[in-house]
Each structure stands twice: as C-alpha cells, then as structure tokens.
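Remarks on the structure that follows.
Here, each number is a calculation from the coordinates, and none is a lab measurement. Model, not experiment: these values are computed from the prediction. Heads up, the Cβs are rebuilt from the backbone with ideal geometry, glycines too, and the neighbour counts pull from every protein chain shown.
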Amino acid sequence: MSKVLDRFLTENLNDLKEKGLFNVIDPLQSANGPIIKIDGKELINLSSNNYLGLATDERLKDVANKAIEEFGVGAGAVRTINGTLELHTKLEETIAKFKHTEAAIAYQSGFNCNMAAISAVMDKNDAILSDELNHASIIDGCRLSKAKIIRVNHSDMDDLRAKAKEAKESGLYNKIMVITDGVFSMDGDIARLPEIVEIAEEFDLITYVDDAHGSGVLGKGAGTVKHFGLSDKVDFQIGTLSKAIGVVGGYVAGKKDLIEWLKVRSRPFLFSTALPPADVEAAKRAIEILMESTELHDRLWENGDYLKKGLKELGFNIGDSETPITPCIIGDEKLTQQFSKRLYDEGVYAKSIVFPTVPQGTGRVRNMPTAAHTKEMLDNAIAIYKKIGKELGVI
Ligand code: PMP
C-alpha cells in the first residue's frame, strides 16, 4: 500500500474509533424479517425498512423464482443496449399506475436514482433549494449536477419562500428546483408539500419529492404526494423499491417527456447494467399487492401506533413522528449507544443514531415497526424498553 494511503487510513480510522463513530456491522444469519438472527442470537428487529414485511413474502418469492427460471439471474446489459427486458417496461407501467403519473423509469437503486435524475436536468446555471435534512443521495445528486445548492432550514416554509424569491429575483439561474424528502426518516415527520407546491407555483420552481419512506406508508400506500392529493403538481416523484416494496431499485414517476429525457440523459440508465429479472418481477408484484389491498399498510399503522403508545406511556420521548417511524430520543450520544447495546443484550435490535447523522444532543434509538410484527413481539420489545429505561435512568 502507498505510504500516503496507509497514513490516511490509519489516522482516520483511529480517529473514528476514538470518537465512537466507527460503525460496526452485524451480519444477519437470517432474512431481514421481524425476528432476525445475529451471532446465533434471535432478536426482535426494529431496524429494517421492510415496512410491509414484503421482503420475505411468498408471493414475491414465487414470481422471482419463476423469473429466474425463464430469464436467468442477470439482465445482461445496460438498459439502452439490450438490457431492457419486457419485464422492465411492465414494471415501469405498473409504477406509473401506482403513482398516478403518465410514465416512470426504474433504476438499480434509490441512491442511483437521485444521482441520475437531478444531474440529468440541473446544471451549473441552475439552483436547487434543498431541505437541510434531505437524504445523502439527494445531496450527492445535487453536487453532481453542479447547480448552486441553497440549503433550506428543515421544513421552514418562510425560509423556503424567502430563498426562492431571492433566487428568482437574482436572475442568476435558468432553472430553480425545490427538493425534499417526502418523509424524513430520522424523525418520521412529513414534508409540508401543499405549501411547497404553492411556493413552487409562485416562483416557477421544479418540484422534486423523494418518497423513499412515504411510499407504501402514506396515501393508503401510494405515497406522500397522493396523501396530499398533489399527483399532478409534483414534477419528480422519486421512490425506492427497497423499503416498503421489499426488493431493490429506485424510480422516477412523472410526465412522459420527463421520463423520455431521463431515458436518454441519465447516466446510470445509460451506463450501468439493468435490474435483474427476479428483482423486477418481485417489485412489480409488490406494487400490485399494494394497489389491490391496504391490508399490509393498515397493519403497519396499527403496529406503529401500538409501539408509540407503549413507549410513550412508559415516559419515553418519542418526538413528533407523523408516521410509524418511532424515534426514542435519549439525548446524550454515549448513553444512546449504551441504551441500544443493552437492548441488544436483552433481545431487541434497534440501532442508535447519533451526531453527525442527527444534531448533537439528540441521540436516539430509532424503531421501525413493520406490518410483519405481531403484538406479542411488540409487547416483548416494550417490556425490554421498560427494563433498560429504568436501569439507565432514562424513564
Ligand atoms: N432516498 C432516501 C430518502 C432514503 O432514505 C434512501 C435509503 N436510505 C435512499 C434514497 C436510497 O434508496 P436505496 O436504498 O434504494 O438506494
């Protein structure tokens, strides 16, 4: 190894470890369902984005297996050469129906999708108004575009309006975009889309909503944009196929012309191999299930409300989540990490999230209940929370 790289790695890794910021990965020895196995130990899983439990659904496994039999395990090429199977176009038609848009385009991941879509439309002569708590992939997509990035205070509509006005009146930019998560995953709060759309209309802003955590969860499953009845007012509806949908992949849903443009200009679509057939079929089936019935969606909310009520009654600070995401705010970083570790010892897997992912002093253990949890599992988790909460003086 080069000396300079060796020094760089040693110094930085040691620094992270000393600050307690080095993330240790615990590989699962089971599927990522409501109960997981790590190191031979069974744990109640409150850390996955598998909101509806679809990652292990038999109906999805069945179509995925059939797709492998017929089409193999890989798509064989990038979409624009000959990696587009009919399965991909059917998935995209299904996404468009699900999102109430004219068309959709699928990518290999949600992360990829943000990198692809923002930079296909925005460039150095443009500006992007971006909520300060937007996901890392949005931040990276904005950077890649080379547009001027204007950070907006979290969900602060006065700040957004003032900055939109200033950007518009400066005359410096060809296009201005406003970009936001639909649901913010650290606190579970929902973007104020009606006001964002109103401001966008006033200043002719392009609207971009990344609904990674809202799809399958809000709007009876159709997402945050549908929840507010704004399907025809948002230009880019981004989603991921990896969370509520339970598989992998990302997408943009929008007007036909926008999707056509992304198909000729977005680089991961042009230069990275297409999603594998099994994933495409499984994702399509998952979306069909969501369109057929709200059963899983309803169970997710029931479980979310149940866990929130249980933790709140014990005296935990669960923040102001408006979705099933249930943060348990501990505050101090070290105590938060200790809390999560003790939960693990007692049989609950719930990750601690601390600075710099969330502001200093707001360390939390984040709980993601799913439709697949039983009441018994949640009761057990709540009982363990009670024990640790008392032991560590949090409640
Ligand atoms: N956007 C948001 C808001 C996310 O939370 C995530 C996942 N953490 C992504 C995009 C990336 O999606 P994926 O995991 O499908 O790459």
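Work out the length of the dipole vector of the chain about its Cα centre, built from +1 on the beta-carbon of each Lys and Arg and -1 on the beta-carbon of each Asp and Glu, and round it to the nearest 20 debye.
680 debye
Need one number: % antiparallel among DSSP beta bridges in the chain, to the nearest 5. All intermediate terms of the calculation are to be shown ahead of the outcome.
Values: 24 of 43 bridges.
Of all bridge pairs located within the chain, approximately 55 percent are antiparallel.
Find which of Val73, Ser242, His135 sits farthest along the positive direction of the dipole of the chain, computed with +1 on the beta-carbon of Lys and Arg, -1 on that of Asp and Glu, about the Cα centre.
Val73
So for the chain, averaging the separation of alpha carbon pairs under 8 Å that are six or more residues apart and normalising by length, what relative contact order in percent results?
Here the relative contact order equals 21 percent.
Among Ala278, Leu60, Tyr208, whose Cα sits farthest toward the positive end of the charge dipole of the chain (+1 at Cβ of Lys/Arg, -1 at Cβ of Asp/Glu, about the Cα centre)?
The listed residue farthest towards the positive side: Ala278.
Would you mind calculating the gained length between Ser30 and Asp332 on full extension (0.36 nm times residue separation, minus the Cα-Cα distance), in nm to one decimal?
That works out to 105.5 nm of additional length.
Do any of Lys312/Lys341; Lys312/Lys334; Lys99/Lys375; Lys165/Lys233; Lys124/Lys243 go past 27 Å between their Cα atoms, and which? Could the numbers behind the result be given before it?
Details: Lys312/Lys341 21 Å; Lys312/Lys334 22 Å; Lys99/Lys375 31 Å; Lys165/Lys233 20 Å; Lys124/Lys243 32 Å.
The answer is Lys99/Lys375; Lys124/Lys243.
State to the nearest 20 debye the size of the charge dipole of the stretch 161-213 about its Cα centre, where the only charges are +1 on K and R beta carbons and -1 on D and E beta carbons.
260 debye
Label Glu195 and Met157 with points 7 Å out from Cα along Cα→Cβ: what is the distance between them in nm?
So the two model labels end up 0.4 nm from each other.
If r is the Cβ-Cβ distance from Asp39 to Lys309 and R0 is 35 Å, what FRET efficiency results, to the nearest 0.05?
Details: r = 32 Å, r/R0 = 0.91.
Rounded to the nearest 0.05, the efficiency is 0.65.
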